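> Have a look at the structure that comes next, please.
The values are calculated or read from the model by the stated rules, or taken from the named source; none is laboratory data. Since the model is a prediction, treat every value here as computed from it, not as a measurement. For neighbour counting, all protein chains shown are included, and Cβ atoms are generated from backbone atoms with ideal geometry for every residue, glycine included.
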Amino acid sequence: MLGSETTLTPLEAGVAATPTAVTGEDLARYQLVQRRNTGGAWFYWIGGASILNSLLYAAGSQWGLVVGLGFTYLIDGFATELSGTVRTPIYAFAIDVMLAGSVMLIGRAARRGHLGWYAAGMAFYLLDGLLFIAVQDFLGIAVHGFALYGLWNGWRAGRALRRIETAALVAAA
């Protein structure tokens, strides 16, 4: 319960079990960090699903994961049409991996509290969702909306955490 004190005991083997008081502010900070990291983890899911989608497309599968980037589908389709082959050209797969890797790096920055990168990643994923609107893929739209909701909650938690930490620094000075 927030606002009351709780005691946590260390679980390390060689350390004496002395209780440590945890304040409501500590618990609030912990919960905000967890929410920020959970939202930032969506970037990892998006990047990983995009790489898997590119592999599936290159293998000739008609299946894919909806949470991935629509831009990778667009790149693969254009590259296949331009090359005139049945398979995805290697340069298209390399572009897909770089794009998905960039999304994963944004996730790493987001989980470390870089809110500017967090917002940029959300804006990019929102633009990606517009592709699904253009092709009227309603499942893709719904999944993008759900993922954006998770990202938004994580970003808001990151902002609240930054306010708490700034206030603590000002109070300590």
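> Can you work out which of the residues in region 79-103 that are in contact with a Gly (Cβ under 8 Å, 6 or more places away or on another chain) and buried (at least 17 other Cβ atoms within 10 Å of the Cβ) is nearest to residue 36 (Cα to Cα)?
103
> Are any residues in region 114-173 outside any helix (DSSP H, G or I) and either of a type outside the set (S, T, N, Q) or buried (at least 20 other Cβ atoms within 10 Å of the Cβ) (or both), and if so, which ones?
114, 135, 137, 173
> Got a number for residues in region 18-35 being exposed (fewer than 14 other Cβ atoms within 10 Å of the Cβ) and part of a helix (DSSP H, G or I)?
Count: 4.
> Moving on. Within region 57-72, restricting attention to residues that are surrounded by 17 or more Cβ atoms within 10 Å (Cβ to Cβ) and without any contact (Cβ under 8 Å) to a residue 40 or more places away in the chain, which residue is farthest from the chain's Cα centre (by Cα)?
58
> Give 110, 147, 171 a once-over and let me know the one that is under 16 Å from the mean Cα position of the chain (by Cα), within 23 Å of residue 26 (Cα to Cα) and among the hydrophobic types (A, V, I, L, M, F, W, C).
Answer to the selection: 110.
> Is it true that some residue in region 96-116 is over 30 Å from residue 160 (Cβ atoms) and touching a residue at least 60 places away in the same chain (Cβ under 8 Å)?
There is no residue in region 96-116 that is over 30 Å from residue 160 (Cβ atoms) and touching a residue at least 60 places away in the same chain (Cβ under 8 Å).
> Name every residue in region 145-165 that is within 14 Å of residue 129 (Cα to Cα) and in contact with a Leu (Cβ under 8 Å, 6 or more places away or on another chain), in order of residue number.
Matches in region 145-165: 148 only.
> State which residue pairs qualify: first residue of a type outside the set (Gly, Ala, Ser) and inside region 11-27, second residue at pLDDT below 80 and part of a loop (DSSP other than H, G, I, E, B) in any location, beta carbons under 7 Å apart, and separation of 6 or more residues or different chains.
Every condition considered, the pairs that remain are 19/9; 22/5; 23/5; 27/2.
> On to the next question. Return the residues of region 60-96 that are out of contact with any Ser or Thr (no Cβ under 7 Å at 6 or more places or on another chain) and assigned to a loop (DSSP other than H, G, I, E, B); say none if nothing qualifies.
60, 61, 62, 63, 64, 65, 66, 67, 84, 85, 86, 87 - these are the residues of region 60-96 that are out of contact with any Ser or Thr (no Cβ under 7 Å at 6 or more places or on another chain) and assigned to a loop (DSSP other than H, G, I, E, B).
> Looking only at region 104-113, which residues are buried (at least 16 other Cβ atoms within 10 Å of the Cβ) and assigned to a helix (DSSP H, G or I)?
104, 106, 107, 109, 110, 111
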